[in-house]
1. Determine, at each q value in 0.20, 0.29, 0.33 (inverse angstroms), the log₁₀ of I(q)/I(0) that the Debye formula gives when each Cα of the stretch 28-71 is one equal point scatterer.
2. Which of 252, 327, 285 sits closest to the plus end of the dipole of the stretch 240-396, meaning its Cα is farthest towards the positive end, when Lys and Arg get +1 and Asp and Glu get -1 on the C-beta?
3. Test of understanding: express the Cα radius of gyration of the stretch 176-232 as a ratio to 2.2 N^0.38 Å, with N the residue count.
4. So what is log10(I(q)/I(0)) for the stretch 228-303 at q = 0.22, 0.23, 0.25 1/Å, when the Debye sum runs over its Cα atoms only?
5. Sorted from largest to smallest, which semi-axis lengths in Å does the alpha carbon gyration tensor of the stretch 173-307 give for its equivalent ellipsoid, taking the root of 5 times each eigenvalue?
6. Taking only the alpha-carbon positions of the stretch 57-160 and ignoring solvent, what does the Debye formula give for the base-10 log of I(q)/I(0) at q = 0.15, 0.16, 0.21, 0.23 Å⁻¹?
7. Compute the relative contact order of the chain as a whole-number percentage, counting only Cα pairs closer than 8 Å that sit 6 or more residues apart in sequence.
8. Alpha carbon centre of the stretch 248-269 versus the stretch 299-336: separation in Å?
Amino acid sequence: MRTTYCGLVSDALMGQTVTLMGWAHRRRDHGGVIFIDLRDREGLVQIVCDPDRADTFATAEGVRNEFCLKVTGKVRARPAGTENNNLVSGKVEVLAHELEVLNPSVTPPFQLDDENLSETVRLTHRVLDLRRPQMQRNMMLRYRVAMEIRKFLDANGFIDIETPMLTKSTPEGARDYLVPSRVHDGLFFALPQSPQLFKQLLMVAGFDRYYQVVKCFRDEDLRADRQPEFTQIDIETSFLTEEEIRTMFEGMIRSTFQHAIGVELPAFPVMTWADAMRLYGSDKPDLRVKLQFTELTDVMKDVDFKVFSGPANMADGRVVALRVPGGAEMSRGEIDGYTEFVKIYGAKGLAWIKVNEAGAGRDGLQSPVVKNLHDRALTEILSRTGARNGDLIFFGADKAKVVNDSIGALRVKVGHSEFGKAKGLAHGDWEPLWVVDFPMFEHDEANERWSAMHHPFTSPKDGHEDWLETDPGRCIAKAYDVVLNGIELGGGSVRIHREEVQSKVFRALKIGAEEAQAKFGFLLDALQYGAPPHGGIAIGLDRFVMLMTGAESLRDVIAFPKTQRAQCLLTNAPGPVDEKQLRELHIRLRNPQAGA
């Protein structure tokens, strides 16, 4: 029905007759000549409706925004001075010979070029929101990214194998979405949090290199970069070392960026988890921000200032400094603003020192806390931070988690602030990173047990297997995360391929033999049949595209996303079902108010 897309009409088609289909983006009546910007997924082209063609002109007079149109006309040059260099079609226009309204539109609830729409309005009218040029570009980029990944994996011998959507509920770190079985009274399927166990089984089955662009489901609290259903680039391979796996998939990420958006990523440095936490307080540090922590816990153990000495003498306490070059220029109001900011992360306050004259001892320092610190502590602070005249030093002192979270967030906020940009505290468009050598376990103090840092199928470093039962806290995992601009793109690990090691991990997690067999028996049994060494990675496609587009939320790169309350405003899901369906599933709803 059409000869080309609107957004692809260019001077290469000069003088030719084209047939176009699309939507009226806007209509302008310029004193006898009507202009219509016709839009489709590839962009806009200007349509000219001349009164010399009476039928066409009469139809154009009735056209309004979002009418679906068919236009046949001749491509000609725009008048001099009216070109639009921002469009492929910016040097030409189409003189309409025929204009047909394929379908009129009611008045849209908003203008598609309105930049101040609330997210509620956008998600309620998502079909129209998706017509907006930015959303069209986002969805097209998402497609290109997925295709580039598929091409890379195909070229490297990976095959796409589907795994089940209805599976067994297994403890993998997040809450499952459960699906009641009508056929099996009282039993439930679970939607997969990831295809983790099935891709390991495919390695045991000998498929060697597997991938899937797959939906995953986690019933957990949401935020800007999290959705209850999300898309994962899920990959597993046999007979490769941890380093070989990282090298291969670094290549995949670099190739995808280059071919999808023309960006050549810099080399991916490798940093241990311990160093990331020591220097940045985060296992996904934003390396565009050049500020680092300075450890002061040992220095503060004997100072009179209890705000510092208390955490310094706690088993899980930490005291750090964050030097901000040129930060002494900050006003007290700005510092107070940062003090309120760190409280979001559990900090009780934010101590600081302005360095007016580094060589003048305490007389060159400006701060309410200076009088509470002895000379040796002040000397160590200046020496370790490398503070110079005009710098500002922020301090974090609390439980290590609170310090890491609050000062880590402060580091990023200051670095990306207008002040930080002016002072060059953050630079570089793209800063990738591999974080490696994660602890196998983290201790759950409330329940007095260990839990898996990644998941319970991650292999310990060679030689650490014996500590699984004697000292789990010493075990380091063959695990790795890939980070870009402070966002975790994905993570993976070398998996456990020997049943006896997997059983040791379960025992370390206080998962008994009977429970392990009930929940993971199919995996434990499979590992006994010559399971190969294997490992892999899972990369979030949504986050990948979000970073490329510069979007602030995953919802801007997912066609039909959920809100932060896990609702779909377009379809009003989740919603009630009738009593008949519930009876078929052997389900009766409790009345929370009655406590029944």
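1. -0.61, -1.17, -1.38
2. 327
3. Values: Rg = 14.3 Å, N = 57, 2.2 N^0.38 = 10.2 Å.
Dividing the Cα Rg of the stretch 176-232 by 2.2 N^0.38 Å gives 1.40.
4. So the normalised log intensities work out to -1.19, -1.21, -1.21.
5. On the way: eigenvalues 274, 136, 54 Å².
Equivalent ellipsoid semi-axes, largest first: 37, 26, 16 Å.
6. -0.94, -1.00, -1.18, -1.22
7. Details: 1126 pairs, mean separation 76.8, N = 596.
Relative contact order of the chain: 13 percent.
8. Computed from Cα coordinates, the inter-centre distance equals 39 Å.
FYI, it's all coordinate maths here, none of it is from the lab. Only a predicted model underlies this, so the values are computations on that prediction, with no experimental measurement involved. Heads up, the Cβs are rebuilt from the backbone with ideal geometry, glycines too, and the neighbour counts pull from every protein chain shown.
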